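The structure appears below as structure tokens.
Quick note: the coordinates plus some simple rules give every number you see, no bench work behind them. Treat the numbers as computed from the prediction; the structure is a model and nothing was measured. Backbone-built Cβ (ideal geometry, glycine too); neighbour counts: all protein chains shown.
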Amino acid sequence: MLRFAPSPTGDMHIGNLRVAIFNYIVARQNNEKLLIRIEDTDKERNIEGKDKEILEILDLFGIKYDKVVYQSSNFHIHQQMAKKLLDEKKAFVCFCSEEDIENERQKAKKEKRAYRYSGKCENLTSKEVEEKIKQKIPFVIRFKKPKNSIKFNDLIKGEIEFSPFDIDSFVILRKDLTPTYNFACSVDDMLYDISLVIRGEDHLSNTPKQIAIRDALGYDKEIKYAHLPIILNEDGKKMSKRDNASSVKWLLEEGFLPEAIANYLILLGNTFEKEVFTIDEAIDFFDLSKISKAPAKFDIEKLKFLNKEHMKKLTNLAKRFGVNEVYEGLLEIFKDESSTLKEVKEKFDKVFEKSVDEEFKNEREILKKEILENELEENYDDFKKRLQKNTGLKGKKLFMPLRELLINQKHGAEIKDLYKVMKPYLKEVVKRR
Ligand code: GLU
């Protein structure tokens, strides 16, 4: 089984979506199930409703999964596992106060060295522990760092080794006995028989901790790992919340299609024979081991290009925008010259606004009168001939104001094409100018 394990703590980042897509593709390629695990262990950071939002985004992108679990529903198991580690002296009760820890952290910072737990409570006798618990001194449970290094072979990054110092004696159960991320994640990957973890490389340093936990619990089935390189913004920095385009919601609001976003995220850091495809098509040729090791740079122009390609396949635009079907032809025209759905909608809305442009005002008035006072010809050439003849306007002075009367823009689609689709409501539109 593979898994996608989002935390319901904020808007979905494109990096997370990319992880979800890759997990889905590989699960399908390997004929394995896909689990969605909502990692809600950190009560303070959880945001209500984000879990639903994540699932809705997965549905929107066509990422099908077999099961959804909330990590918090396994807290009792996490606690049992922590107890097992305690009983086997692979974990210990730690009474160091938050202040003590913070002071040590600050000290390490001053001395320019990485903070590590001092080991102070590691060798308390059971008597001392009992005594302190009786005195109601708050405590956490820490994992005893392993004696030997942890090595693993990452499918993208290759062989990686972490020392016990890197792993440290980290907290596995908090004061309120809820599990920390690393502990819950490690136990759950074991419980659900996860075969391969695909996630962002920001989790690379968590992996040896998670492996060490399972080793200590006696789980000997290997879980493979693939850590995806980060996505950089256009300035070459890690794409963060401050970059609008990092938010899946923002991209959707900007009118990018899920198909195009998914296509773009699969293409990022990859090279394939073809560039335009769907997630399901990618199942045939995607190769996780061939992903570039270098960070990938986000390029909105490339996304726009793909969006345009995927927009070509769209039908029923009027329905999508919730407008009368009579406008389908006009929407089609706008679609062909736009890169996003938002652009299409803006062009469409503009048709129904009043013109404020001063240039060609007179010409517009003359043409408006001519159009409103006569019957419209079946075919555009006859219509054009009449306008030329009756108004005396020609060239730029005819076509620019005429296009403005139709779509409220001087430049853009061919008037001939516009006339064909707008005829049933052309007078209505012209009246508004
Ligand atoms: N909950 C973690 C996150 O959203 C994912 C951890 C994982 O995939 O192991 O970053």
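Values for this structure:
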| read-out | value |
| --- | --- |
| Amide H contacts of residue 197 (H built 1.01 Å from N, under 5 Å, at least 5 apart or other chain) | 224, 225, 226 |
| Semi-axis lengths, Å, the chain, gyration tensor of Cα atoms, sqrt of 5 times eigenvalues | 62, 22, 18 |
| Length-normalised contact order for the chain - Cα pairs under 8 Å, 6+ apart - percent | 14 |
| Long-range amide H partners of residue 68 with built H, under 5 Å | 36 |
| Residue 235 versus residue 217: modelled label distance in nm, points set 7 Å from Cα along the beta carbon direction | 4.2 |
| Qualifying lysines (Cα of each under 24 Å from Cα of residue 319; at least 8 residues distant if same chain) | 249, 304, 308, 335, 342, 345, 347, 350, 420, 423, 427 |
| Pair residue 423, residue 135: separation of 7 Å Cα→Cβ label points (nm) | 9.3 |
| Most to least packed among 335-345, 206-216 [average Cβ atoms within 10 Å] | 206-216, 335-345 |
| Sites residue 370 and residue 342 - FRET efficiency at Förster radius 51 Å, r taken between beta-carbons, to 0.05 | 0.90 |
| Gained length - residue 66 relative to residue 358, 0.36 nm times residue gap less alpha-carbon distance | 99.1 nm |
| Kirkwood Rh, Cα atoms: Rg over Rh of segment 140-277 | 1.05 |
| Under Karplus coefficients 6.51, -1.76 and 1.60, residue-wise ³J(HN,Hα) of segment 201-208 in Hz, glycine/proline x | 6, 5, 9, 3, 6, 7, 4, x |
| Point-to-point label distance, residue 431-residue 292, nm (Cα→Cβ direction, 7 Å offset) | 5.6 |
| Ranked 144, 84, criterion: other C-beta atoms within 10 Å, fewest first | 84, 144 |
| Computed log₁₀ I(q)/I(0) - Debye formula, equal Cα scatterers, no solvent, segment 203-285, q 0.12, 0.13, 0.17, 0.20 Å⁻¹ | -0.58, -0.66, -0.90, -1.01 |
| Calculated P(r) of segment 293-409 - Cα pairs past 26 Å, % | 39 |
| Amide H contacts of residue 169 (H built 1.01 Å from N, under 5 Å, at least 5 apart or other chain) | 117, 145 |
| Calculated diffusion of segment 355-429, Stokes-Einstein form, Kirkwood radius summed over Cα pairs, 37 °C and 0.692 mPa s, µm²/s | 267 |
| Paramagnetic reach from residue 105 in segment 162-180 [backbone N under 19 Å; point 7 Å along Cα→Cβ] | 166-180 |
| Where N is the number of residues in segment 238-338, Cα Rg divided by 2.2 N^0.38 Å | 1.23 |
